[in-house]
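The values are calculated or read from the model by the stated rules, or taken from the named source; none is laboratory data. Only a predicted model underlies this, so the values are computations on that prediction, with no experimental measurement involved. Note that we place each Cβ from the backbone using ideal geometry, even for glycine, and neighbour counts take in every protein chain shown.
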Amino acid sequence: MSSPELARRRWDLLVVGAGTAGLIGAQVAASLGARVLLVERDRFGGDCLWTGCVPSKALLSAAHAAAGARDAAKYGVHVGDVQVDGPAVLAAVRQAITTIAPVDSPEAVRASGAETATGSVRFTGATGAEVDGVPVRFLQALVCTGSAPALPEVAGLADVEPLTTDSVWDLPDLPDRLAVLGGGTSGCELAQAFARLGVSVTLVEAGDRLLAGEDPKASEAVTAALRRDGVDVRTGSTPVRVTGDPTGGRLHLADGGTADFTRLLVAVGRTPRTGGLGLAAAGVAVDERGSVVVDDALRTTNPRIWAAGDVTGHPAYTHVAGVHGNHAALNAVLGLRRRIDLAAVPRVTFTRPEVATVGEPTADPGPDRRVHTQPLRRADRAIAEQATDGFTRLVVDGRHRLRGATVVGPRAGEALAELTLAVSRGLTTSHLTGAMHPYPTYADPQWNAAIADFRGRLTGRSGRVALTALRLARRARLAIDDRRTGRPTGAGSGRPQIAIAASTSASAPEPADPLELMRPDSST
Ligand SMILES: Cc1cc2nc3c(=O)[nH]c(=O)nc-3n(C[C@H](O)[C@H](O)[C@H](O)COP(=O)(O)OP(=O)(O)OC[C@H]3O[C@@H](n4cnc5c(N)ncnc54)[C@H](O)[C@@H]3O)c2cc1C
């Protein structure tokens, strides 16, 4: 769009940043009939497409293919030496990005009815901004500028020109020795990916375990898997100094240890991208971390300006950014008050085994919570595929509602979808047990965990009372039927209903469904 046109119109909604939040925000607002301008200073698609989800999952799939080939002998399949062509792997990663890019392109946005522009936005007041110096007026604005890799303060770090999750995808070939700083999701995923592709990897984490936010058993499973892949995992290790240059160097750790590398990759967290945005001029406050302060409807401290995605400091995931963009657009354009609920945000670490989590923590739950764990070694699908490394753990409250889940194992992210629905909608283990699940799948453990919870309820006092009442009522009913039809009852026994009940249970299940009767939540 030309500069005079940008300046001439007064936009219903100025959207800043064309990552997931901005793309969805702009497209939803346009679909509601608003005059929308989406401005991006770099590449349409944002981090998820160019430097985040897409390249990392593409790299992991190459890595898992290599690991699968090396591992194939356990199925009786012999493939010989596995050769990894580094430039070809990285080219395939870039190809995945290129294939998806049109979906997020300016053309796709304009097809939805929004206008697009390329340039850097800076707010100049409560309802005004500039795009590369060109003035733009808006009724409302939506800030979706995302987050950038954080760099820790370590002496000498800049001298080795560390890679970040922004730049690692531009490597022409795989490095020989990679040191990764940070044992969170990105650090673990990239450490495993490069190790499985044949790179010698050291993973350094300052905390006492990897994936600090997850169930400790999940951390254990991933740590063990990374070590099996050859990653040198150093937890409780703080880097104090880096020596070397961009061709290689040495990491010096507080415990006296060292790690040599040809490239150093930093994955220690993210900082919100708010620098140079002119937020103060717009009356938009940021918190001590630099995240834009929003209420639960994503409104900033300027009631005409909204924010969505990573820049808000909410969990930094594409699905969060997408829901944010949708809700912010609805709230801004239609004056609704759709709220963001962070109680059931699912998250996945795409290592092998995968770690998928939703809701309340599954480790150390409160006294009014029940926990059920099903190991994958009891799941037929996992046994058949020789992939029994993992477990499913559910947290259930006193009203039998699912409150949290951790799934570790193959396809954990897919298995989590049902549990996310359950946690977000307050469903109970009765709801889960009552829905038929296909066999054999990696959803079996969660079904079995729900069944275990339900069985536990049957053996409790109220469950035993209900079952006894049902059983006795059934026997009485059968005895009445027999008397009416003149059928002999109990072959001369003094307790005919017991004999009848015994023969009945041997031939057919009880039609009365204790699951239904036991469902205290069915009326809620
Ligand atoms: C390695 C890695 C792997 C990841 N994997 C996953 C995953 O598997 N699943 C998942 O859900 N999430 C994943 N994420 C997180 C996910 O990528 C982010 O949560 C998501 O991209 C955030 O979207 P956003 O729209 O908030 O911001 P972004 O995608 O960062 O978009 C912000 C845009 O704003 C633009 N911008 C900034 N300032 C201005 C300005 N002044 N003017 C104009 N434009 C501006 C930027 O150029 C950028 O394009 C991963 C992240 C990383 C780094």
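Numbers for the structure displayed
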{"item": "Candidates Pro135, Pro172, Pro152, Pro102, filtered to the one that is more than 12 Å from the ligand (Cβ to nearest atom) and within 18 Å of Val268 (Cβ to Cβ)", "result": "Pro152"}
{"item": "The one condition in (1) under 30 Å from the mean Cα position of the chain (by Cα); (2) surrounded by fewer than 22 Cβ atoms within 10 Å (Cβ to Cβ); (3) not in a loop (DSSP other than H, G, I, E, B) that Asp166 fails to fulfil", "result": "(3)"}
{"item": "Hits in the stretch 116-132 - residues which are within 14 Å of the ligand (Cβ to nearest atom) and assigned to a strand (DSSP E or B)", "result": "Thr116, Ala117, Thr118, Val121, Arg122, Phe123, Ala129, Glu130, Val131"}
{"item": "Residues that are aliphatic (A, V, I, L, M) and either without any contact (Cβ under 8 Å) to a residue 24 or more places away in the chain or under 23 Å from Ser2 (Cα atoms) (or both), drawn from the stretch 25-53", "result": "Ala26, Ala29, Ala30, Ala34, Val36, Leu37, Leu38, Val39"}
{"item": "Residues of the stretch 1-22 satisfying the condition of being assigned to a strand (DSSP E or B) and near the ligand (Cβ under 10 Å from one of its atoms)", "result": "Val15, Val16"}
{"item": "Residues within the stretch 446-467 that are at pLDDT 95 or above and β-branched (Val, Ile, Thr), tallied", "result": "1"}
{"item": "Verdict on Lys74 being of a type in the set (Lys, Arg), within 13 Å of the ligand (Cβ to nearest atom) and either touching a residue at least 60 places away in the same chain (Cβ under 8 Å) or surrounded by 14 or more Cβ atoms within 10 Å (Cβ to Cβ) (or both)", "result": "no"}
{"item": "Hits in the stretch 258-277 - residues which are more than 10 Å from the ligand (Cβ to nearest atom) and closer than 30 Å to Thr124 by Cβ", "result": "Thr271"}
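Residue-wise test of (1) among the basic types (Lys, Arg); (2) under 19 Å from Ser200 (Cα atoms).
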| residue | (1), (2) |
| --- | --- |
| Ser56 | no, yes |
| Ser61 | no, yes |
| His64 | no, yes |
| Gly68 | no, yes |
| Lys74 | yes, no |
| Val77 | no, no |
| Val82 | no, yes |
| Ala91 | no, no |
| Gln95 | no, no |
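Quick grid of which residues meet (1) among the basic types (Lys, Arg); (2) over 28 Å from the mean Cα position of the chain (by Cα):
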site	(1), (2)
Val16	no, no
Val28	no, no
Cys53	no, no
Ser61	no, no
Arg70	yes, yes
Ala73	no, yes
Gly80	no, yes
